[in-house]
Amino acid sequence: MRILISNDDGIDSEGIAALARAARDFGEVTVVAPVRERSTSGHSLTLHKPLRIYDRGNGRYATSGSPADCIYLGTREILKTLPDVILSGINHGANLGTDVFYSGTVAAAREGALMNLKSYAFSLMFQPPFSATPLHFSTAEHYVREILQATLSENFPAHTLLNSNIPNLPLAQVKGVRLARQGFRFYSNDVARREDPRGKPYYWLGGNYLGFEKETYSDCHVVEEGYVSLTPLTIDCTDNKFYTTLESSFPS
Ligand code: MN
């Protein structure tokens, strides 16, 4: 089995090393990841500037591109053939609910799903500050193995990926894997305005996590309760209910 791995935290992150270790139990691993952190870069492709590939040896390649660029280059230029599986992560931080629209980690897996490859995104759920938290990537590694073992033989529907979030806990404290629907997370939308040393303003976007929508039981709940969440995501974002409503006004 040929496995292509990427992430959005960069090729030197702890999470991608843990993911590659787990993946080697299942097949031949190639890592193609951004040379620097590209978190929250979404599903961007670089079309207006050149991209570089840096061969790090032992099947590891860094690129100057986004996570989606890495899957694009990894399949078409580095492997020159389609892999059987795409893995992305293990992200330093959750990709729950609406995070999946901003996430570079999920985008790398989605780029695989667009090619109808079995694609997975894995993230370790913890809150900043990152430096103050002991990171339990060994727990995440354990559950990557468990989820791959249980799902690699499944036929994935067209253009579908699996998104998994692992609580940042010692292995013995995690209660197992739960299927969950995509939830909705809330963030503060403030902008911090500051001045640079030359008196010119610059801005930091807010984005402090404020909790999640409690009405529908979701991936956000599951991870808070100490389970690993597993959510199948589709590419088709059509709202079928509203589509039907609009059919009374427009031909379909
Ligand atoms: Mn990240």
For this session: Could you check, for the range 70-89, whether at least one of its residues is within 16 Å of the ligand (Cβ to nearest atom), within 17 Å of D219 (Cβ to Cβ) and in contact (Cβ under 8 Å) with a residue 60 or more places away in the chain?
Result: yes
Exercise. Of everything in the range 104-130 that's of a type in the set (G, A, S) and closer than 20 Å to E141 by Cα, which residue is nearest to the ligand (Cβ to nearest atom)?
Worked result: G104
Problem set entry | Selection status of D55, part of a strand (DSSP E or B), of a type in the set (D, E, K, R) and modelled with pLDDT of 95 or more | yes
Exercise. Here are some residues: R110, R76, R60. Which one is among the charged types (D, E, K, R) and closer than 18 Å to E37 by Cβ?
Worked result: R60
Seminar exercise, completed: Taking the range 27-49 and keeping residues within 16 Å of L79 (Cβ to Cβ) and out of contact with any strand residue (DSSP E or B) (no Cβ under 6 Å at 6 or more places or on another chain) leaves none
Seminar exercise, completed: Residue hits (the range 224-241; surrounded by fewer than 10 Cβ atoms within 10 Å (Cβ to Cβ) and over 19 Å from E213 (Cβ atoms)) are D236, T238, N240
Problem set entry | Residues that are charged (D, E, K, R), within 16 Å of the ligand (Cβ to nearest atom) and either closer than 18 Å to I86 by Cα or part of a loop (DSSP other than H, G, I, E, B) (or both), drawn from the range 1-52 | D8, D9, D12, R36, E37, R38
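The values are calculated or read from the model by the stated rules, or taken from the named source; none is laboratory data. Source: prediction; values computed, not measured. For neighbour counting, all protein chains shown are included, and Cβ atoms are generated from backbone atoms with ideal geometry for every residue, glycine included.
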